[in-house]
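In what follows, a single structure is set out as structure tokens and then discussed.
The values are calculated or read from the model by the stated rules, or taken from the named source; none is laboratory data. These numbers come from a predicted model, not from an experiment. Glycine gets a Cβ as well: all are built from the backbone with ideal geometry, and neighbour counts include every protein chain shown. For the accessible areas, the whole protein counts, side chains as well, though only heavy atoms, and no ligand, DNA or RNA atoms are used. Shrake-Rupley method; radii C 1.70, N 1.55, O 1.52, S 1.80 Å.
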Amino acid sequence: VQLQAFGGGLVQAGGSPRLSCAASGIILSFNDVGWYRQAPGKQRELVASVASYGGTTYADSVKGRFTISRDKAKNTAYLQMNSLEPEDTAVYYCHARRLSGGSDYWGQGTLVTVSS
């Protein structure tokens, strides 16, 4: 299983980048998928997740600004980020949990730096 996250970079505050997570070896639409982030000096935290049945959850800090989605045909998950703030600066990781067996898989992380 491989998860490849990309789409990060240097963004100005207020910007709206979209992160992508391309998967192989696992069908994202059949499993739970999430985006996590880890800011310097902080623990990794859940940003958004989408369950196999489609239900979504968001961290309070990103509700109304971020949207998680999946493209079944491309086997890719996305995190649309709007109204970015400097506090959103972090390495963002995509995650998938296989429902059968409960195995966890992580992408390599993509750095998002928000300048004020």
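Which numbered condition trips up E85, out of (1) without any contact (Cβ under 8 Å) to a residue 40 or more places away in the chain; (2) open to solvent by 50 Å² or more (accessible area, probe 1.4 Å); (3) over 12 Å from the mean Cα position of the chain (by Cα)?
The one condition E85 does not meet is (1).
Conditions tested, residue by residue: (1) part of a loop (DSSP other than H, G, I, E, B); (2) touching a helix residue (DSSP H, G or I) at 6+ places or on another chain (Cβ under 8 Å); (3) more than 19 Å from L111 (Cβ to Cβ); (4) at pLDDT 95 or above.
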site: I26; (1), (2), (3), (4): yes, no, yes, yes
site: P40; (1), (2), (3), (4): yes, no, no, no
site: L46; (1), (2), (3), (4): no, no, no, yes
site: S61; (1), (2), (3), (4): yes, yes, no, yes
site: S69; (1), (2), (3), (4): no, no, yes, yes
site: K74; (1), (2), (3), (4): yes, no, yes, yes
site: V91; (1), (2), (3), (4): no, no, no, yes
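Return only the number of the condition from (1) at pLDDT 95 or above; (2) open to solvent by 30 Å² or more (accessible area, probe 1.4 Å); (3) under 13 Å from the mean Cα position of the chain (by Cα); (4) within 26 Å of S115 (Cβ to Cβ) that Q12 does not satisfy.
(3)
T57 passes all but one of (1) surrounded by fewer than 19 Cβ atoms within 10 Å (Cβ to Cβ); (2) part of a strand (DSSP E or B); (3) in contact (Cβ under 8 Å) with a residue 24 or more places away in the chain; which number fails?
So the condition that T57 fails would be (3).
Across region 98-112, what is the number of residues that are in a strand (DSSP E or B) and either acidic (D, E) or touching a helix residue (DSSP H, G or I) at 6+ places or on another chain (Cβ under 9 Å) (or both)? Walk me through how you get there before you give the answer.
Here is the first cut: in region 98-112, the residues in a strand (DSSP E or B) are 104-106, 110-112.
Checking which are either acidic (D, E) or touching a helix residue (DSSP H, G or I) at 6+ places or on another chain (Cβ under 9 Å) (or both) leaves us with 104, 112.
Final tally of qualifying residues: 2.
Considering region 18-47 alone, what residues qualify as being closer than 20 Å to V114 by Cβ, touching a Leu at 6+ places or on another chain (Cβ under 6 Å) and either open to solvent by less than 50 Å² (accessible area, probe 1.4 Å) or among the hydrophobic types (A, V, I, L, M, F, W, C) (or both)?
Within region 18-47, the subset closer than 20 Å to V114 by Cβ is 18-21, 35-47.
Checking which are touching a Leu at 6+ places or on another chain (Cβ under 6 Å) leaves us with 19, 21, 35-36.
The answer is L19, C21, W35.
For (1) crowded, with 19+ Cβ neighbours inside 10 Å; (2) out of contact with any Ser or Thr (no Cβ under 6 Å at 6 or more places or on another chain); (3) of a type outside the set (S, T, Y), each residue gets a yes or a no:
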| position | (1), (2), (3) |
| --- | --- |
| G64 | no, yes, yes |
| Y93 | yes, yes, no |
| Q108 | no, yes, yes |
| V112 | yes, yes, yes |
| S116 | no, yes, no |
